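First up is the structure itself, then whatever we jot down about it.
The values are calculated or read from the model by the stated rules, or taken from the named source; none is laboratory data. What you see is a predicted model; the values in this text were computed from it and never measured. A quick note on method: Cβ atoms are made from the backbone with ideal geometry, for glycine too, and the neighbour counts reach across all protein chains shown.
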Amino acid sequence: MTQLLWDGLFVGSFYALIALGYSMVYGIIKLLNFAHGDIYMLGAFIGFAALTSFGGIPASLSIGALIVVMMLSMLLTGGAGVLIERLAYRPLRGAPRLAVLITAVGVSFSLEYGVAAIAGPNPRAFPVRLEGDVFDVLGARISLPQIILMLIAAALMVLLNFYIQKTSTGRAMRSISLDRNASLLMGINVNAVITRTFFIGSALAGAAGVMAGAYYGKIDFLMGFIIGLKAFTAAVIGGIGNIKGAMLGGLVLGLVEAFGSEWFGGQWRDVFAFGVLILFLTLRPTGILGERVTERV
Amino acid sequence: MTAVLEVKDLQIGFGGVKAVDGLSFSVHEKEIIAVIGPNGAGKTSAFNCITGFYKPTAGSVTLKGQNITGKRPADIAAAGVTRTFQNLRLFPDLTVLDNVRAGMHLYGGQSWFDAILHTPRFRRSENRYSDEAHHWLDFVGYRGPRGVPIRNLSYGQQKQVEIARALARKADLLLLDEPAAGLNFSEKQVLLSLCRRIRELGTAIVLIEHDMGLVMELSERIVVMNFGREIADGTPAEVKANPAVIEAYLGKDDEEVPSHGDA
Amino acid sequence: MSTSVDKTRTRPRSNSAGAKLSRFMESPKIGWVAFAIALLMPFIIATPYALNVMTTAAIFVLLASGLNIVVGYCGLLDLGYIAFMAVGAYTAGIVAKSFQLPLLFTIPAVIVMTILAGLIIGAPTLRLRSDYLAIVTLGFGEITRITANNLSITGGPSGIFGIPGLLEIGGIDLQEPAIFYYVTVVVVALFVLAAARLGKSRLGRAWRFVREDEDAAEAMGIHTYKVKLMAYIFGAIWGGFGGILFAAHLTAVSPQSFVFLQSALVLMAVVLGGMGNMRGVVIGALVISLLPELLRDLSDYRYLAFGILLVVVMVFRPQGFWPARGFEPERPAPNEAATESEPAPPKEAIR
Ligand SMILES: Nc1ncnc2c1ncn2[C@@H]1O[C@H](COP(=O)(O)OP(=O)(O)OP(=O)(O)O)[C@@H](O)[C@H]1O
Ligand SMILES: [Mg+2]
């Protein structure tokens, strides 16, 4: 029981990291960025490339190396996110929603098969594998790497929250998601804020990618596909567009999955998560923390 | 005379703003009623409540004795209300004719089965759709091309087509949201006579309008709104003389504005 | 191919090669031309490999025409369309195998199952914003595959083998590759024709109204939810028939055939060809399915190229390469004509 709780929270913190990017971008430009899961994959591969080029890393240094590589990967995936927004999404601002969605699918496709073309279609083993002692806490087996990764995820989320609540860019983000036109009139540089949003969201996904690589030990070019779907589910559960909701949604989804696969069998894990998505969309499309709005006619 | 439309104590709010706050009026057969009021008074919101796009938080809307409050827009349209939008809501990539055909969807006359097999029923009904589309375009005095996508047309022409589309619905009640906005003088004259001809079809009209000349000339009664509330309802002459209306339009320099924020 | 008959065009005609081509593309004959070419192909090249490729391409055309109903006509992005083909193929395979029936007799079961699938996924989500639908369908596609992979009735990861053939009558086995190719071409042609006709009917117009502006459509009394559900169900049925043909073609069904990549390829055919225009979509489908056969060497980069192409097309030519032409012939002197006593409508009305 505690084991399930812990496992759920652990996986959920990954979902939360990725869901954040989904939700932030959605909050600001009302775009479902399908490519977001692939940014996570890209992050993992950047981490992979960086670690491989360092050569052998002694196990004692692996945590430090991992954090350095994670930062690097965050920078690069953040940049990739900005670039994607510039090249693919910005020209289509104001275009019909369908066109934008299809573009996002195209971006996702390009990322997946671009990485496949460069790194090959077969799964790769991540050069650094986090290993550590296993503790027994209240009957749950908890490993050191899990604790470290969760701490990193939590730190990133705390930072993000601080950024959004306390800085002027954060305030601008919130005001744009409330009313884009009014924000324009107030003299907020909307484009700059959108760029930053993409940077931050993508960087978080990139960090999650490196962490997943180090934890699971294996990466492949389609690894972002299902996780993107899960992150979206998490964002919807929490209330899409809502930052705290994304974090909450991630954890909730992690828990739901952990218990679901315990009861129904692990092979139904994804089906179960998806069922939860449908349930939420049907019964409470605004999510746990979202508010109902009347769309202007 | 029976009331075509009866609005009672209608209310809707968004967050803290009460966009419509206790609006009541009724429309009788062949009447032309104007709803006026300063920007943001809640006129369009009231239309949206009547046509089901917004769910009113309180109050009732009755159409020919039938309660339509809170029904979905398509059902209200089927019950006999048709409308235009303040910012044109046409189907930009479709032809002028197809835009008007949208108003005829409820005519039915063919199933998907007829369409796949091109049965005589299908041809008959398609003929009818085309004939009537042309008819309504003629009726509103539209003179532009008809087989081209509507986004290529001028604003005035698009407004005409939107009215033609609404008329094709053949409803008992037509709601026009600022039909004269952006039209020049002669276009407004055409609109004036068009409204009168629509009335002759047996359709009652409620229009939101800022052009006072047009409103005074056309409407039997005027409903005046301000900050979501109804401040007057009467004949043009009565409304013109009403001090509350004059105040709403000319404004008083005191704390009138803040007082509505916490309504 | 389509019978959509736009007899006259009131557009300025130029005689450049491009104009000629586009005029040809819009002529009603093109459907027959395409059909004739498809029928003649086996006389030009009839190796088993070529027949296989051409049959596959024809099935792909069917899928694209079905997805075009959903995405092109109605503007609903379905990213898991291949799931309907999966439902069709598995239903056909399971029913045919367990009752030892020719595949042809599984059609009713397939129709029922695909409609059910369409309702299950469409009913809860079609009320929501269109982008939710997109991602839910994406998930649905995956779930369908995973379910097929996990259940024993679907044969698990290895799928179903030895599915009976379509039909055998009077010593003619429809399963014989050349015959099967012809059967496929005729079936696909009929479905494409039906989809094109649907697009030019009251229901087809309603789909377009919903695509262009849901609120305005509602205001005209169109139940957008029902109309969307109809598009979804038609799309599902088209996919289901694609599944029957697929099962018959391979005599086997397995989960690997229904990965997201397949859905994305069908979507690409629709988008590149020109959403909403059946002719463009057919050409798009042929290009997407045949091009990789011609460019085998570049297989590493082809999906990358598809992805980039998708973005480029959306940014620079969102209507696709052969978009639907929103034109209709004019009537002579419409204005002063007495509206009541109009003469018999010109042929335009038959569209
Ligand atoms: N969907 C909505 N969400 C939030 N606020 C809304 C919504 N629709 C209208 N409002 C607000 O309700 C108030 C009334 O707006 P409405 O459009 O009804 O005014 P109006 O009388 O039609 O004004 P105008 O003459 O400018 O058209 C405004 O303050 C507006 O911002
Ligand atoms: Mg208004």
ask   = Just checking, how many residues over region B:46-79 are assigned to a helix (DSSP H, G or I), within 16 Å of ligand 2 (Cβ to nearest atom) and free of Cβ contacts under 8 Å to residues at least 60 places away in the same chain?
value = 2
query = Can you find even one residue in region B:26-35 that is in the same structural domain as residue B:196 (by TED's automatic domain parsing), in a loop (DSSP other than H, G, I, E, B), away from ligand 2 (no atom under 16 Å from the Cβ) and surrounded by fewer than 16 Cβ atoms within 10 Å (Cβ to Cβ)?
reply = yes
message = Show the residue pairs meeting these rules: Cβ distance below 7 Å; 6+ apart or different chains; first residue within region A:135-148 and at positive phi; second residue modelled with pLDDT of 80 or more and surrounded by 12 or more Cβ atoms within 10 Å (Cβ to Cβ).
response = A:138/A:2; A:139/A:2; A:139/A:3
request  = Within region B:85-99, track down each residue that is away from ligand 1 (no atom under 16 Å from the Cβ) and of a type outside the set (A, V, I, L, M, F, W, C).
outcome  = B:92, B:93, B:95, B:98, B:99
ask   = Out of all the residues in region A:255-270, is one or more of a type in the set (A, V, I, L, M, F, W, C) and at the interface with chain C (Cβ under 9 Å from one of its Cβ atoms)?
value = yes
note = Of those in region B:78-92 that are out of contact with any strand residue (DSSP E or B) (no Cβ under 8 Å at 6 or more places or on another chain) and within 14 Å of residue C:214 (Cα to Cα), the residue surrounded by the fewest Cβ atoms within 10 Å (Cβ to Cβ) is B:88
request  = Look through region A:242-297, keep the residues that are charged (D, E, K, R) and in a loop (DSSP other than H, G, I, E, B), and return whichever of them is nearest to ligand 2 (Cβ to nearest atom).
outcome  = A:296
key: Condition met for residue C:311 (of a type in the set (Val, Ile, Thr) and touching a residue at least 12 places away in the same chain (Cβ under 8 Å))   = no
inquiry  = Being away from ligand 2 (no atom under 16 Å from the Cβ) and free of Cβ contacts under 8 Å to residues at least 40 places away in the same chain is the filter here; which residues of region B:80-103 pass it?
reply    = B:98
query = Of all residues in region C:147-173 being without any contact (Cβ under 8 Å) to a residue 24 or more places away in the chain and not polar (S, T, N, Q), which is farthest from the other protein chains (Cβ to nearest Cβ)?
reply = C:171
ask   = Just one of the numbered conditions (1) more than 21 Å from residue B:47 (Cα to Cα); (2) in contact with a His (Cβ under 9 Å, 6 or more places away or on another chain) is not true of residue B:228; which one?
value = (1)
ask   = For residue B:82, all conditions in the list (1) away from chain C (no Cβ under 14 Å); (2) assigned to a strand (DSSP E or B); (3) away from ligand 1 (no atom under 16 Å from the Cβ) hold save one; what is the number of the exception?
value = (1)
Residue tally, condition part of a helix (DSSP H, G or I) and more than 7 Å from every other protein chain (Cβ to nearest Cβ), over region B:92-121 = 9
query = With respect to the numbered conditions (1) crowded, with 18+ Cβ neighbours inside 10 Å; (2) in a loop (DSSP other than H, G, I, E, B), which one is the sole condition not fulfilled by residue B:38?
reply = (1)
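Per-residue answers, yes or no, for (1) in contact with a Leu (Cβ under 8 Å, 6 or more places away or on another chain); (2) more than 14 Å from chain B (Cβ to nearest Cβ); (3) assigned to a helix (DSSP H, G or I); (4) surrounded by 21 or more Cβ atoms within 10 Å (Cβ to Cβ):
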| residue | (1), (2), (3), (4) |
| --- | --- |
| C:189 | no, no, yes, yes |
| C:192 | yes, no, yes, yes |
| C:208 | yes, no, yes, yes |
| C:240 | no, yes, yes, yes |
ask   = Which ones in region B:207-250 are in contact (Cβ under 8 Å) with a residue 24 or more places away in the chain, within 16 Å of ligand 1 (Cβ to nearest atom) and either within 14 Å of chain A (Cβ to nearest Cβ) or in a helix (DSSP H, G or I) (or both)?
value = B:208, B:212, B:214, B:215, B:248, B:249
ask   = Any idea which of A:206, A:201, A:187 is exposed (fewer than 14 other Cβ atoms within 10 Å of the Cβ) and not aromatic (Phe, Trp, Tyr)?
value = A:187
ask   = Out of the residues in region B:44-62 that are closer than 21 Å to residue B:211 by Cα and touching an Asp or Glu at 6+ places or on another chain (Cβ under 8 Å), which is nearest to ligand 1 (Cβ to nearest atom)?
value = B:44
Check on residue B:12, within 14 Å of ligand 1 (Cβ to nearest atom) and under 30 Å from residue B:150 (Cα atoms) = no
query = Right, residue B:167: within 16 Å of ligand 1 (Cβ to nearest atom), within 12 Å of chain C (Cβ to nearest Cβ) and either at pLDDT below 90 or not in a loop (DSSP other than H, G, I, E, B) (or both) or not?
reply = no
